[in-house]
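Asks: Sharing a structure here in structure tokens format.
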Amino acid sequence: MSLIRKLYPCSFIPEFTSRLPTTAVLHPLSTSDLLRVLTEVRGALVKQYEALFSYAGIEIRFTTPALREICEIAKKRGGGARGLRGIMENLLLEPMYECPGSSIRYVLIDQSVVRGENPAHYWTRGESAAFYSMIAAEEARDAQERSEAEQEAALSNEDNEQDSETTTLEEEGGKRSAGAG
């Protein structure tokens, strides 16, 4: 607003000043924020791609670790929410051209696909059980890994609390002996 007031004395008309690009600096989005943008908001990219593939009769799914990996890549690149679209386009370029018009009915994008270690996983019409079982296995593996990580973090916090209590007791003991002497 102050920029517009400064431009009026310089003979800029209001119609022109409203067309000047505005840049705002915000805090970078966290991985969880990017994940919400990717999956939860109205018009989320995952929903858009699911709809796009469904027009060709194809069900596409993304595992939770794959979505988190996409968000990590976007965070490292510094592109924020806008960077997610470019990552998704690059990731799904091959499936978008291979799948429509073929016998492929199921596509799975997991963490190894996002990392570039494997191509997207494809299944035909009669292989839905294999498709859903692979999704379940990936999600179960992710849940177990996250549970183990949370347990390790809890143990680490308990160790830190015990160390700080020991230090506090030693300091108090030192003060008492200094006061007595």
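The values are calculated or read from the model by the stated rules, or taken from the named source; none is laboratory data. Not measured: the values here are computed from a predicted model. Backbone-built Cβ (ideal geometry, glycine too); neighbour counts: all protein chains shown. Calculation scope for accessible area: heavy atoms of the full protein, side chains included, ligands and nucleic acids excluded. Shrake-Rupley method; radii C 1.70, N 1.55, O 1.52, S 1.80 Å.
Asks: Is it true that some residue in the stretch 138-150 is under 21 Å from residue 88 (Cα atoms) and open to solvent by 50 Å² or more (accessible area, probe 1.4 Å)?
Replies: yes
Asks: Right, residue 73: within 25 Å of residue 115 (Cα to Cα), modelled with pLDDT of 90 or more and part of a strand (DSSP E or B) or not?
Replies: On the way: within 25 Å of residue 115 (Cα to Cα): yes; modelled with pLDDT of 90 or more: yes; part of a strand (DSSP E or B): no.
No; evaluated as a whole, the condition is false for this residue.
Asks: Of the residues in the stretch 73-94, how many are touching a residue at least 40 places away in the same chain (Cβ under 8 Å) and surrounded by 14 or more Cβ atoms within 10 Å (Cβ to Cβ)?
Replies: Narrowing the stretch 73-94 to residues touching a residue at least 40 places away in the same chain (Cβ under 8 Å): 73-75, 78, 80-81, 84-85, 88, 92.
So of that shortlist, the ones also surrounded by 14 or more Cβ atoms within 10 Å (Cβ to Cβ) come out as 73-75, 80-81, 84-85, 88, 92.
Residues flagged as touching a residue at least 40 places away in the same chain (Cβ under 8 Å) and surrounded by 14 or more Cβ atoms within 10 Å (Cβ to Cβ) within the stretch 73-94 amount to 9.
Asks: Here's a follow-up. Name every residue in the stretch 28-44 that is closer than 18 Å to residue 77 by Cβ and not in a helix (DSSP H, G or I), in order of residue number.
Replies: Across the stretch 28-44, the qualifying residues are 28, 29, 30.
Asks: Here is a follow-up. Just checking, which of 86, 126 is in a helix (DSSP H, G or I) and under 16 Å from the mean Cα position of the chain (by Cα)? Can you show your working first?
Replies: Values: 126 fails: under 16 Å from the mean Cα position of the chain (by Cα).
Among 86, 126, only 86 is in a helix (DSSP H, G or I) and under 16 Å from the mean Cα position of the chain (by Cα).
Asks: If you don't mind, another one. Taking the stretch 97-119 as the region of interest, how many residues are under 14 Å from residue 53 (Cα atoms) and surrounded by fewer than 18 Cβ atoms within 10 Å (Cβ to Cβ)? Quick ask: steps written out before the conclusion?
Replies: Filtering the stretch 97-119 down to residues under 14 Å from residue 53 (Cα atoms) leaves 97-109.
Going one step further and asking which of them are surrounded by fewer than 18 Cβ atoms within 10 Å (Cβ to Cβ), we end up with 97-98, 100-103.
Count: 6.
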